[in-house]
Amino acid sequence: MQNKEDRKLRIEHLKRRVKPEPRVNSLLEECWIALGNEVQIYGEYESGRLFKVLEQTFPFTSWGYVDCKFGSAIIILNFESTVH
């Protein structure tokens with residue numbers, strides 16, 4: 001009978017030593033954290049509209065990157081005022 005009690009105590013002791021695993025954020029949560037409180041998430045329609053504006057404003061490579069080798073640079077301080 002003592003053996004059973006010893007095992008119970010040992011299990012309780014081990015339970016206290018087990019550390020909870022750290023919480024892992026999703027990629028979306030990581031983006032929110034990196035961008036700060038000013039982040040806005042648009043729906044499918046508005047996202048598509050904004051993407052079309054970006055495609056018309058910047059040259060894209062065939063693999064989807066903005067082509068940084070084009071002649072003139074554009075600095076956008078407020079994207080919202082640019083597309084509205």
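For beta carbons closer than 7 Å, sequence separation of 6+ or different chains, a first residue in segment 59-79 that is of a type in the set (Asp, Glu) and a second that is part of a strand (DSSP E or B) and at pLDDT 65 or above, the qualifying pairs are ASP67/PHE60.
Only one entry of SER47, SER26 meets the criterion of being among the polar types (S, T, N, Q) and closer than 25 Å to VAL66 by Cβ, and that entry is SER47. Just so you know, in segment 15-31 the residues that are of a type outside the set (Ser, Thr, Tyr) and not in a helix (DSSP H, G or I) include one that is surrounded by the most Cβ atoms within 10 Å (Cβ to Cβ), and it is ASN25.
Each residue in segment 32-50 was checked for being of a type in the set (Asp, Glu) and surrounded by 10 or more Cβ atoms within 10 Å (Cβ to Cβ), and 1 of them qualify. Only one of VAL53, VAL39 is out of contact with any strand residue (DSSP E or B) (no Cβ under 9 Å at 6 or more places or on another chain) and part of a loop (DSSP other than H, G, I, E, B). Can you tell me which? Selected residue: VAL39, the only one of VAL53, VAL39 that is out of contact with any strand residue (DSSP E or B) (no Cβ under 9 Å at 6 or more places or on another chain) and part of a loop (DSSP other than H, G, I, E, B).
The values are calculated or read from the model by the stated rules, or taken from the named source; none is laboratory data. Since this is a predicted model, take the numbers as computed values, not measurements. In this analysis, Cβ positions are derived from the backbone assuming ideal geometry, glycine residues included, and neighbour counts consider all displayed protein chains.
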